[in-house]
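The values are calculated or read from the model by the stated rules, or taken from the named source; none is laboratory data. Because the structure is predicted, anything quoted here is derived from the model rather than measured. Please note: Cβ atoms are built from the backbone with ideal geometry, for glycine as well, and neighbour counts cover all protein chains shown. All accessible areas refer to the heavy atoms of the entire protein, side chains included, with ligands and DNA or RNA removed. Shrake-Rupley method; radii C 1.70, N 1.55, O 1.52, S 1.80 Å.
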Amino acid sequence: MTLPQRWRTARARLGAGLREFYAAPYRRTFARAQRDEEDLFMMLVLSEALGVPNPASYYTVELLPVVYDRFHDWHRRMGMERSPLEHISCC
């Protein structure tokens, strides 16, 4: 291994270590923020089915097949024992 290659690998390892050092304390916060964002997305996509008027329902109906896989986890996290939708029976 030549000297420039060693410098590059050392610099990459140092960069990865610093990134880990600064991001590690906030990992849980980042995960919670991402989960909250996904919950809001699920609510927007499923709002018409839940009875909430949604002016963008024409566009969100295309996303329903993507959301169905995560629906059970979402309604359990929201505190609903059973599926609130009649046409989606996951429990």
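Structure values in brief
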quantity	calculated
Over the chain: helical MRE at 222 nm, DSSP H runs n ≥ 4 each giving -39500 (n - 2.57), nearest 500	-21000 deg cm²/dmol
Packing-based order for 22-28, 52-58, 71-77, 37-43, using average beta carbon neighbours within 10 Å, highest first	71-77, 37-43, 52-58, 22-28
Crossing angle, helix 27-50 versus the chain [Cα axis fit, 0-90 degrees, rounded to tens]	20 degrees
Mean Cα-pair separation over length for region 20-91, i.e. relative contact order, pairs under 8 Å, 6 or more apart, %	22 percent
Sites Ser83 and Gln34 - FRET efficiency at Förster radius 22 Å, r taken between beta-carbons, to 0.05	0.40
Sparse-neighbour loop sites [GluC sites (Glu not before Pro); region 41-91; at most 15 other C-beta within 10 Å; DSSP]	Glu81, Glu86
Accessible area per residue in Å² at 1.4 Å probe, computed on region 20-91	79 Å²
Angle in degrees between helix 3-23 and the longest Cα principal axis of the chain, rounded to the nearest 10	40 degrees
Rg/Rg_globular for the chain, with Rg_globular taken as 2.2 N^0.38 Å and Rg from C-alpha atoms	1.75
